[in-house]
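See structure below.
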Amino acid sequence: SDGAPELSSPNGDYTFGIGGRIQYDFSGTTGSDYNSRNITGSEFRRIRLDAHGKVAGWLMYKSELDFAGNSVGIRDMYLAAQKNFELGKGVVYLGSKFSDSGLDGRTSSKYTWFTERNTVANAISLAPGAYNVGVSTAFYGKHDDHISFAVTNGSTNDSNKSSDNVLIRSRAHWDPINTGNTIVHLGANGYYEDYSSGHSGFSDRTIIADHYNGNLRVEGPELNADSSTSYGFELAGLTGPFAAGAEYGRLDVNARNGGTDTHIDAYSAQVGVSLTGEKFGYSTKQGVWTHPDVAHPVTQGGIGAWQLMARYQAVNAHHSAIYGGGTGHGTTVGLSWYLNDYMRVLLDDTLWQTDNRSGSYTGVDNGNTVSARTQIVF
Amino acid sequence: SDGAPELSSPNGDYTFGIGGRIQYDFSGTTGSDYNSRNITGSEFRRIRLDAHGKVAGWLMYKSELDFAGNSVGIRDMYLAAQKNFELGKGVVYLGSKFSDSGLDGRTSSKYTWFTERNTVANAISLAPGAYNVGVSTAFYGKHDDHISFAVTNGSTNDSNKSSDNVLIRSRAHWDPINTGNTIVHLGANGYYEDYSSGHSGFSDRTIIADHYNGNLRVEGPELNADSSTSYGFELAGLTGPFAAGAEYGRLDVNARNGGTDTHIDAYSAQVGVSLTGEKFGYSTKQGVWTHPDVAHPVTQGGIGAWQLMARYQAVNAHHSAIYGGGTGHGTTVGLSWYLNDYMRVLLDDTLWQTDNRSGSYTGVDNGNTVSARTQIVF
Amino acid sequence: SDGAPELSSPNGDYTFGIGGRIQYDFSGTTGSDYNSRNITGSEFRRIRLDAHGKVAGWLMYKSELDFAGNSVGIRDMYLAAQKNFELGKGVVYLGSKFSDSGLDGRTSSKYTWFTERNTVANAISLAPGAYNVGVSTAFYGKHDDHISFAVTNGSTNDSNKSSDNVLIRSRAHWDPINTGNTIVHLGANGYYEDYSSGHSGFSDRTIIADHYNGNLRVEGPELNADSSTSYGFELAGLTGPFAAGAEYGRLDVNARNGGTDTHIDAYSAQVGVSLTGEKFGYSTKQGVWTHPDVAHPVTQGGIGAWQLMARYQAVNAHHSAIYGGGTGHGTTVGLSWYLNDYMRVLLDDTLWQTDNRSGSYTGVDNGNTVSARTQIVF
């Protein structure tokens, strides 16, 4: 959390800090055959506050809440212990932890290239929830690699009248090339979810353009799920001011009581160039996108860091003739302006198509959505 | 935010602070013909916490939430840029900003003379919401004057299934006389609201005595609105320990689909005297009431600042024979005790009358309401 | 609030601090005749954040919220004035204050011996709510004794459409023996509640094993209450590494409109031994359990403080043939590990029986529940 105060004991073993992020979005859509999809408005996408700190050199905690939409959401809320080994650093988290789901899925919402994550993240990786509650572990190697493993159950807003779903999740990445100027990222991820009879509803409902417009989703009916399995692959590369990333993900959902199984697959590819020369931000430790180091902050009289990006993404749940899943794709051109390390403005334009077989917006429908975001991190 | 810590970088360009306000109210009503209006109880009227700061000399942010009623409400939540010009200072706010609606309407809830704002604020100025989400601007002149202009859409808890309402709002004030001991305030305000078909419900529901008693409102049925226009005038004056203020406001509501239009008007006048000699608080910059400078704080062994005040206010939505709006008026005598700059106790007694033509409390009804508040600001 | 920063003015009269507690629980039940009672899951039991401070040597405030369950709950939210007298110290609280209800009921949730309080606290003491909103007072004597008295109305989430319930509550304790190594605690408590016609619903719904499992309650139907009266007795003792406590409570509920009255009684006894030698924590000032002083904190390479405890508890609302209240009892063995003064792990195993006459789980039903908690206080 840049900027906000961090207090520390003399030996640095004990720290306490406060942080937060605010994202304020504008959205406008035109061109849909459905009038109620051609809507305009603004919203606070995220309003997060957190307290975090260390209680010993090896023991940390974080308590983070989100207040967007005039409601409370529990985000990171954990106790974490870390230990250095010969081969790297191991961390164990107990509580609610942002899941290590994929390249775009694991990237902080502060630093995604576009206002919303890609279809692989939204349709596949995040299906069991972006925050896993239970035990999460990660091992960060010394050769630009990491592997994570989590055994969790349920989310923080499940009912207390039935058992929670059990989720096993893993992800690994390795950067086989890292010359400083050039990096190649390889990654793989997957999970297995065992649905409790009390929380067995599954449906695909994937963001295809932006979050504000709640009518603009690729969606299918609710399926009475017994278990699901996913896997995904990640490929990305950076060289100088250029960066690119591609992801594929597949989710198999097994129905309860002899119902019809189905599967969803999604893919996405994005390319970007930094107009002001700073490299795209990327963490070789975690294998995720992060923010560029702004060379000339606006708050010091500079012009900030400017990035121009494009993305093509698609999601397909048309595989089952019986389960009426949807399909859709979108092409986004985006401009990102980091005024400094803690302020950012984004502008996205997305040409999208959805082809739903259920819900209020069935059949092939096309449109254009403009999204803008102002963000401050403290 | 008085009292709570404010951290600052050595050059003062970067600051971070935490603030809040807590208001705990008691309410008791007698004399109504309706038993369910003669109720007694207490509530937390406001529980606010905020983080705020500067990220550069010209760039500020504020993130404020309200937790009263066991729910989350977004209040000030903005990024603001300011610049000094030859004629004064300009500020632009992006996000959610307390609206510059009128003399009482714009006065902070910490410093209103009585526990609740007047009918002009509650029935006219605040109809589109006390917080405007979008772009708000203000220009503070060098001659005790200011003008504001805001273009906003929606509120923070609108549905994401339809477009937000668009609102254009402006207010200006000027103090033609300001001798230090004597101030005369002139002000004007107005707005235009374009209702989205998804958020077209309008109804008058005006507080006539206090907030706790939810049955004690001047109220009318919901109207399917297409647009509305308001204007208002403000006159106030202070001399020595005396202060007075008067406001008038009118709201025209145009119905959708050839329905019946209606209008509401409201007026209010209040006078006060400081028993302990301190002048009433008034900001010549913003044209609003604020707190007195307490000469002898209780926390330093003094008696604090005591103010005695009276107000007459009325609201009238009886203009349309078809739209069944209500009417009502009230006379309040109030005592305000500022223990110091951040603690306050208020005691109000209101004789009120409502004459509703719809809802559960129709016909002429009279009663008396005692309201008390304890407040701390940190 | 251990650990989190506390800022103070040079003379110490003005302070500001931030604190919080996080409790993350796991729960698993087996052996019930009802499948939906044999459930497993985890939850955040409490997520609390507070701001607190002194605004003068004698004047304090606290503003505490709970965010568990993705909702907002107001907890301590008060202004408090204290004064030293010849015989002791008096404190008056205005606002929402954790009620002084009984030995286990008044013990902070940070320091209860088991994950949940006993049946006396849950069925009797806390029936009118754990937080009382109004005026609470306490007088702390100079001979290990105190007495409290509160006149309050309603809770923080009552509707504003009817009067709040009025509650009068008192508790006193005295430690006739206090040699430092040996303490004997005597206590008594009671309250009278006058139900408003708008808030007249009463039902017994008592936790018998843990909180996660919402199906595991001793419960009865809703009764239309006119008033209720309770009283309770407390006996506890500590000597060296041993501690024990017993409580009895009775609640009489008088029905409205000539309905059938009923009463509930509950009792509980618990014994404990400190495996690592530290005395059990107990406050002779307030007459409540608190945390042990951890001799060898884990964060300093030690093993922390370990306590082994057992409890038998019961609740009985079978007294009325007409009102179909429930009955139940449970035996818990618990292990508590204080890693240091602000971190704790609890493990409980409870053998329980319920015999409900209404609701979804009627008749005699037995089971076993394992509960675990990880807690951090900052």
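Every read-out reported here was derived from the displayed coordinates using simple, explicitly stated rules and does not represent laboratory data. Everything numeric in this text was worked out from a predicted model, so none of it was measured. Heads up, the Cβs are rebuilt from the backbone with ideal geometry, glycines too, and the neighbour counts pull from every protein chain shown.
Which chymotrypsin sites (Phe, Trp or Tyr not before Pro) from segment B:41-82 combine a DSSP loop assignment with at most 16 other Cβ atoms within 10 Å? Walk me through the numbers on the way to the answer.
Numbers: sites: B:Phe44, B:Trp58, B:Tyr61, B:Phe67, B:Tyr78; in loops: B:Trp58, B:Phe67.
When the chymotrypsin sites (Phe, Trp or Tyr not before Pro) of segment B:41-82 are filtered for loop state and at most 16 Cβ neighbours within 10 Å, B:Trp58 remain.
Please check: in the Gaussian network model of chain C (C-alpha springs, under 10 Å), which one of C:Val333, C:Val298, C:Val288 has the largest mean-square fluctuation.
Among C:Val333, C:Val298, C:Val288, the largest GNM mean-square fluctuation belongs to C:Val298.
Would you mind calculating the gained length between A:His143 and A:Ser283 on full extension (0.36 nm times residue separation, minus the Cα-Cα distance), in nm to one decimal? If you can, show how the numbers build up before the last one.
Numbers: separation 140, 0.36 × 140 = 50.40 nm, distance 1.24 nm.
Roughly 49.2 nm would be gained on extension.
Going by how many other beta carbons lie within 10 Å of each one, how would you line up B:Ser32, A:Ser268, fewest first? Mind dumping the intermediate values first?
Working: B:Ser32 21, A:Ser268 27.
Listing B:Ser32, A:Ser268 from fewest to most nearby Cβ atoms yields B:Ser32, A:Ser268.
To one decimal in nm, how far is C:Val92 from the same spot in the other copies, if labels go 7 Å from Cα toward Cβ? Please give the shortest first.
Here C:Val92 shows inter-copy label distances of 5.3, 5.3 nm.
Could you name the aspartates and glutamates whose alpha carbon sits less than 13 Å from that of A:Lys285, not counting residues in the same chain fewer than 8 places away?
Partners within reach: A:Asp100, A:Asp144, A:Asp145, A:Asp175.
Per-residue HN-Hα couplings for segment B:351-362, Karplus 6.51 cos²θ - 1.76 cosθ + 1.60 at θ = phi - 60°, whole Hz, x for Gly and Pro?
Going residue by residue, I get 8, 10, 9, 10, 9, 8, 10, 8, x, 8, 10, 8 Hz, with x marking Gly and Pro.
Let me know the longest stretch in chain B that avoids all GluC sites (Glu not before Pro) found in a DSSP loop with at most 16 other C-beta atoms within 10 Å.
Values: sites that count: B:Glu86, B:Glu222.
Value returned for the longest uninterrupted segment is B:223-378.
Distance from a point 7 Å along Cα→Cβ of A:Asp33 to each backbone N in segment A:311-334: keep the residues under 17 Å and list them by number.
Once the point is set 7 Å along Cα→Cβ of A:Asp33, A:326-329 turn out to lie under 17 Å by backbone N, inside segment A:311-334.
Where does the charge balance sit around A:Gly359 when Lys and Arg score +1, Asp and Glu -1, over other residues with C-beta under 13 Å from its C-beta?
Values: positive: A:Arg37, A:Arg205, A:Arg217, A:Arg357, B:Lys161; negative: A:Asp204, A:Glu219, A:Glu222, A:Asp355, A:Asp365.
Once all neighbours under 13 Å are counted, the net charge is 0.
How far apart, in nm, are two points set 7 Å out from the Cα along the Cα-to-Cβ line at A:Ile322 and at C:Arg205?
Here the modelled spin labels are 3.9 nm apart.
Give the average, rounded to an integer, of partner chain Cβ atoms located within 10 angstrom of each Cβ in C:190-200. Please report the intermediate quantities before stating the final value.
Values: counts 0, 0, 0, 0, 0, 0, 3, 3, 3, 1, 0.
Averaged over the peptide's residues, the number is 1.
Averaged across the residues of B:20-30, what count of C-beta atoms belonging to other chains lies within 10 Å of each residue's C-beta? Let's see the in-between values first.
Values: counts 3, 1, 9, 0, 9, 0, 4, 3, 1, 1, 0.
So the per-residue partner count for this stretch is 3.
Under a GNM of chain C (C-alpha, springs under 10 Å), which listed residue has the highest mean-square fluctuation: C:Thr229, C:Thr362, C:Thr284?
Result: C:Thr362 has the largest fluctuation of those listed.
Take the alpha carbon atoms of segment C:238-318, find their radius of gyration, then divide it by 2.2 N^0.38 Å using N residues; give the quotient.
Values: Rg = 19.1 Å, N = 81, 2.2 N^0.38 = 11.7 Å.
Compactness ratio reported: 1.63.
If R0 is 45 Å, what FRET efficiency do you get for A:Phe242 and B:Ala56 from their C-beta distance, rounded to 0.05? Could the numbers behind the result be given before it?
On the way: r = 31 Å, r/R0 = 0.69.
The computed FRET efficiency comes out at 0.90.
Rounded to two decimals, what is Rg over Rh for segment B:134-243 when you use alpha-carbon atoms and the Kirkwood radius? List each step's numbers first, then the result.
On the way: Rg = 18.3 Å, Rh = 17.0 Å.
Over the Cα atoms of segment B:134-243, Rg/Rh equals 1.08.
Per 10 Å bin, what percent of the C-alpha pairs of segment C:1-139 does each bin hold, from zero upward?
Calculated P(r), rounded to whole percents: 11, 30, 36, 15, 6, 2, 0.
If the label for B:Asp13 sits 7 angstrom from Cα along the Cα-to-Cβ line, what are its distances to the same label in every other copy, in nm to one decimal, shortest first?
Sorted ascending, the copy-to-copy spacings read 3.8, 3.8 nm.
Per-residue mean of other chain beta-carbon atoms within 10 angstrom of the beta-carbon, peptide A:68-81? The partial results should precede the final answer.
Values: counts 4, 6, 10, 6, 14, 3, 7, 0, 0, 6, 4, 6, 0, 0.
The per-residue average across the peptide is 5.
What does the charge count around B:Val370 come to, taking other residues whose C-beta lies under 10 Å from its C-beta (Lys +1, Arg +1, Asp -1, Glu -1)? Mind dumping the intermediate values first?
Working: positive: none; negative: B:Asp210, B:Asp348, B:Asp349.
Net local charge, B:Val370 excluded: -3.
Nearest to the axis that maps chain C onto chain B: list the chain C residue whose Cβ wins, with the distance in whole angstrom.
C:Val72, 3
If you average the C-alpha positions of segment C:141-202 and of segment C:320-378 separately, how far apart do those two centres end up, in angstrom?
24
Label-point separation (nm) for C:Lys161 and C:Asp13, each offset 7 Å from Cα along Cα-to-Cβ?
Going by the 7 Å Cα→Cβ label model, 4.9 nm.
Once you order the gyration tensor axes a ≥ b ≥ c over the Cα atoms, which shape class does segment B:92-180 get: rounded for a/c under 1.5, otherwise prolate or oblate by comparing a/b with b/c?
Values: a/c = 2.64, a/b = 1.51, b/c = 1.75.
In terms of gyration-tensor shape, oblate.
Taking the Cα-to-Cβ direction at C:Thr179 and at B:Ile177 and moving 7 Å from each Cα, how far apart do the two end points lie in nm?
Between C:Thr179 and B:Ile177, the label points sit 8.2 nm apart.
Ranked by Cβ crowding within 10 angstrom, fewest neighbours first, how are B:His319, C:His146, A:His263 ordered? Intermediate results must be reported in sequence, preceding the final value.
Details: B:His319 14, C:His146 25, A:His263 18.
Ranking B:His319, C:His146, A:His263 by Cβ neighbours within 10 Å, fewest first, gives B:His319, A:His263, C:His146.
Using only C-alpha positions, report the orientation-averaged shadow area of the convex hull of the protein assembly as shown, nm², one decimal. Mind showing how you got there, number by number?
Numbers: hull surface 180.8 nm².
Answer in nm², one decimal: 45.2.
Estimate the FRET efficiency between A:Ser108 and C:Leu308 by the formula 1/(1 + (r/R0)^6), using the beta-carbon distance for r and 60 Å for R0, to the nearest 0.05. Each step should come with its number before you reach the end.
Numbers: r = 44 Å, r/R0 = 0.73.
In this case the efficiency is close to 0.85.
So if we plug the beta-carbon distance of B:Val345 and A:Leu347 into 1/(1 + (r/R0)^6) with R0 = 45 Å, what FRET efficiency do we get, rounded to 0.05? Please report the intermediate quantities before stating the final value.
Working: r = 50 Å, r/R0 = 1.11.
Calculated value: 0.35.
Once amide H atoms are built 1.01 Å from N in the peptide plane, which residues 5 or more positions from B:Thr262, or in another chain, come under 5 Å H to H?
B:Val253, B:Ala255
Roughly how far apart, in whole Å, are the Cα centres of segment A:23-94 and segment B:53-71?
What the calculation gives is 18 Å, centre to centre.
Among the chymotrypsin sites (Phe, Trp or Tyr not before Pro) within segment C:190-277, which fall in a DSSP loop and have no more than 13 other Cβ atoms within 10 Å of their own Cβ? Spell out each step's value before the answer.
Working: sites: C:Tyr191, C:Tyr192, C:Tyr195, C:Phe202, C:Tyr212, C:Tyr231, C:Phe233, C:Phe242, C:Tyr248, C:Tyr267; in loops: C:Tyr195, C:Tyr212.
Here no loop site has a sparse enough neighbourhood.
May I ask you to report, in nm to one decimal and beginning with the shortest, the distances from A:Val345 to the same position in the other copies, taking label points 7 Å along Cα-to-Cβ?
Between copies, matching label points for A:Val345 lie 5.1, 5.1 nm apart.
Given bins 5 angstrom wide, list per bin the percent of all Cα-Cα distances in segment C:205-272, short to long.
4, 13, 16, 16, 18, 15, 9, 5, 3, 1, 0
Please give the per residue volume of the convex hull enclosing the alpha carbon atoms of chain B, rounded to a whole number of Å³. All intermediate terms of the calculation are to be shown ahead of the outcome.
Values: hull volume 52.5 nm³, N = 378.
Cα-based convex hull of chain B, divided per residue, equals 139 Å³.
Place a point 7 Å from Cα of B:Asn224 in the direction of its Cβ. Which residues in segment B:251-266 have their backbone N less than 16 Å from it?
B:254-262
With charges set only on the Cβ (+1 for Lys and Arg, -1 for Asp and Glu), what does the dipole of the protein assembly as shown come to about its Cα centre, in debye to the nearest 20?
Numbers: 84 positive and 114 negative charges, 241 e Å.
Roughly 1160 debye, rounded to the nearest 20.
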